[in-house]
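Here the structure is laid out as structure tokens; the discussion comes afterwards.
The values are calculated or read from the model by the stated rules, or taken from the named source; none is laboratory data. All of these numbers come straight from a predicted model, not from anything done at the bench. All Cβ positions, glycine included, derive from the backbone under ideal geometry; neighbour counts span all protein chains shown. Protein only, heavy atoms only, side chains kept; ligands, DNA and RNA dropped before computing areas. Shrake-Rupley method; radii C 1.70, N 1.55, O 1.52, S 1.80 Å.
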Amino acid sequence: MTILVVAEHDNQHLKAATRHVLAAAQAIGGEVHLLVAGQHCAAVAEAARALSGVACVLLVENDALESAGAECMADLVLSLVHDYTHLLAAASASGKNWMPRVAALLDVAQLSDIVRVDAPDTFTRPIYAGSVWATVRSEDTIKVITVRATAFEAVAETGGSARLQKVDATSDAGLSRRTHLALNDSSRPELESARVVVSGGRGLGSAERFSALLEPLADKLNAALGASRAAVDSGYVSNDYQVGQTGKIVAPDLYIAVGISGAIQHLAGMKASRVIVAINKDPDAPIFAVADYGLVGDLNQVVPELTSAL
Amino acid sequence: MKVLVPVKRVLDYNIKARPKADGSGVELSGLKMSMNPFDEIAMEAAIRLKEAGQVSEIIAISCGTQACQETLRTALALGADRAVLVETDEALQPLAVAKLLKVLVLREQPRLVICGKQAIDDDANQTGQMLAALLGWAQATFASRIELGTDHASVTREIDGGLETLSITLPAVITTDLRLNEPRYATLPNIMKAKKKPLETLTPADLGVDVTSRLTLLKVAEPPARQGGIKVNDVAELLDKLKNEAKVI
């Protein structure tokens, strides 16, 4: 078995999700290769050689990849995948976007968002917003898989000594191109890789109170900010803050849920967190059923008190 | 411009899914089924484009059992002009659905297919991308804004850490995210009118598509349960627990 993992990076740094996907690859077994494809991303590939358990880093540098869409990325991966038994990427906004194109062009069923490797051909994945887990066996010759990063412990950043192989691969179908990019202020840690997440729900009541109460707390804890779908739908914050089955899946060391009732779809996005704290005025809120520490009270008093006590 | 909108019949989003006692699947019998919420958003996007005069005809398609007729009638009541059911009792994987849709696209020649980004039953998030790939078309997934031109569409989409706007060549596949719009409800007069709109029924064999799955579902089960913890009385006790018991701060 030889496994190709597609790295996620910003041309400067490898994103943390990649090390979790490598762990899933190692659970399958066999030789693991890592593809670093991008624009001027040699430094990423060089750093990736040290990752534990990687035998080979494939480097593709192509200027078209910077602004190209899923069509281009899928064609590139497709041109490299034929010698492999498994193709893995993170179930991130990026992996979800291009991976199904590769699967369709290989005429292979894709396994989305796996949380467990049961055997090299058998995997478990959540369905119905995580209410149920399905164990599925694939009979395809190449297994095409996206991985829920938080379900696997990351491999070590050091200890490996992979060989580096440059590959010439160009593809630009010209079907789509990026015309505008608006990235959020990145002074906070990324939601999906933060050690601490402070998350707010409809209980906050307004966009102003969301930021006035939660930002100081997140600052003290060097935490990422998240939100429930209800808070997003109410317009308190934008959708990329959303934690849940239809948003981001997180598993930090500490997750603090403020004014979040705990709908199934939200729990699906955070219940793998190591320690969960819930602050809510309703003692019967479902969030308390998954919280390690629940505090029943008025968030307008409790949150500032907590912030100043830290 | 013709638009095609695939709609899926799924367990209603308000109902918690449970495994069957023998673990062979999810219990669906006797439970309320509805149109996949992301497909409702796709329908709404198509209807608004038609209301704006940019779209001439909306064709709703569903692949599945005979009961999917009900979902298609909902789509017709919302504003689709006609509907096609590809009827089969096979459990369909996204790849099989994409292959069926491809044949229908070649027959109907739409300039745009708008899909929900994922179905809330299998949570696969694959069909739209697979259809685009099989057709050799551009795609814009997770759309939060669509501006339709003649040869191109400008689509704003949600990516990790922000938003990007893509210019995609038509024909294309767009998949919808939550923020795109808020779907309308079907009115009673429109529900009555929908009963008279055309609904064609085909089979996968009619379309020449083999829908046999190469995935075998071995079992479904409840996920590992998380134990609830304790209630603390105040902030001081909470901090003490986080520092000395959980050791996370």
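Give a residue-ordered list of calculated ³J(HN,Hα) values for the stretch A:255-265 (Karplus: 6.51 cos²θ - 1.76 cosθ + 1.60, θ = phi - 60°; whole Hz; x for Gly, Pro).
So the J values, rounded to whole Hz, are 10, 10, 9, 10, x, 10, 6, x, 4, 3, 5.
Quickly estimate the mean residue ellipticity at 222 nm for the protein assembly as shown, helices only: each DSSP H run with n ≥ 4 gives -39500 (n - 2.57), and the total goes over all residues, rounded to 500.
The per-residue figure over the protein assembly as shown is -8000 deg cm²/dmol.
Run the numbers on the stretch A:34-87 and let me know its relative contact order in percent, using alpha-carbon pairs under 8 Å that are six or more apart.
With pairs under 8 Å counted, the relative contact order is 37 percent.
What number, in percent, do you get for the relative contact order of the stretch B:2-221 if the mean sequence gap of Cα pairs under 8 Å and at least 6 apart is divided by its residue count?
26 percent
Enter the accessible area per residue of the stretch A:196-309 (Å², integer; probe 1.4 Å; all protein chains in place).
34 Å²
Please compute the net charge surrounding A:W98, taking Lys and Arg as +1 and Asp and Glu as -1 over other residues with Cβ under 10 Å from its Cβ.
It works out to a net charge of 0.
Could you give the dipole magnitude of the stretch B:82-163 about its Cα centre, charging the beta-carbon of Lys and Arg +1 and that of Asp and Glu -1, in debye to the nearest 20?
380 debye
Return one number: the angle in degrees, 0 to 90 and rounded to the nearest 10, between the long axis of the Cα atoms of helix B:37-51 and the longest principal axis of the Cα atoms of chain B.
That helix lies at roughly 40 degrees to the long axis.
If one puts a single equal scatterer on every Cα of chain A and applies the Debye formula without solvent, what log₁₀ I(q)/I(0) results at q = 0.07, 0.14 Å⁻¹?
Those come out to -0.30, -1.06, one per q.
How far is helix A:299-309 tilted off the main Cα axis of chain A, in degrees rounded to 10, range 0 to 90?
Taking Cα atoms only, the helix is inclined about 70 degrees.
Projecting each Cα onto the charge dipole of the stretch B:142-198 (Lys/Arg +1, Asp/Glu -1 at the beta carbon, about the Cα centre), which of B:A143, B:T176, B:I191 comes out farthest on the positive side?
About the Cα centre, the residue reaching furthest to the positive side is B:I191.
Looking at this model, which pairs from A:K15/A:K248; A:K248/B:K243; A:K281/B:K32; A:K143/B:K99 are more than 22 angstrom apart at the alpha-carbon?
Over 22 Å Cα-Cα: A:K248/B:K243; A:K281/B:K32.
Expressed as an acute angle from 0 to 90° and rounded to the nearest 10, what is the orientation of the C-alpha long axis of helix B:68-78 relative to the principal long axis of chain B?
80 degrees
So what's Rg/Rh here for the stretch B:1-112, counting alpha carbon atoms and using the Kirkwood radius for Rh?
1.01
Hey, any idea what % of the stretch B:1-159's accessible area is carbon plus sulfur with a 1.4 Å probe?
Solvent-exposed carbon and sulfur of the stretch B:1-159 make up 47 percent of the total.
With chain A treated as a Gaussian network of Cα nodes joined by springs under 10 Å, which of A:I256, A:I264, A:I279 yields the largest mean-square fluctuation?
A:I264
Could you tell me the calculated FRET efficiency between B:I191 and A:M1, based on Cβ-Cβ distance and R0 = 60 angstrom, to the nearest 0.05?
0.65
Restricting everything to alpha-carbon atoms, can you work out Rg to Rh for chain B with a Kirkwood hydrodynamic radius?
1.07
For the stretch A:2-166, what is the relative contact order in percent, using Cα pairs closer than 8 Å and at least 6 residues apart in sequence?
The value is 31 percent.
Give the long-range amide H neighbours of A:V275: residues separated by 5 or more places, or on another chain, with amide H under 5 Å away, using H modelled in the peptide plane at 1.01 Å from N.
Correct list: A:L254, A:Y255.
Just give the residues from the stretch B:141-174 buried by at least 50 square angstrom of accessible area in the all-chains context relative to the isolated chain, probe 1.4 Å, and say none if nothing qualifies.
Residues passing the criterion (a loss of at least 50 Å², heavy atoms only) are B:D160, B:G161, B:T165, B:S167.
Restricting attention to the stretch B:87-147, which trypsin sites (Lys or Arg not before Pro) occupy a DSSP loop and are surrounded by at most 10 other Cβ atoms within 10 Å?
none
For the stretch A:196-309, with all protein chains present and a 1.4 Å probe, just round the carbon and sulfur fraction of the accessible area to a whole percent.
Carbon and sulfur together cover 49 percent of it.
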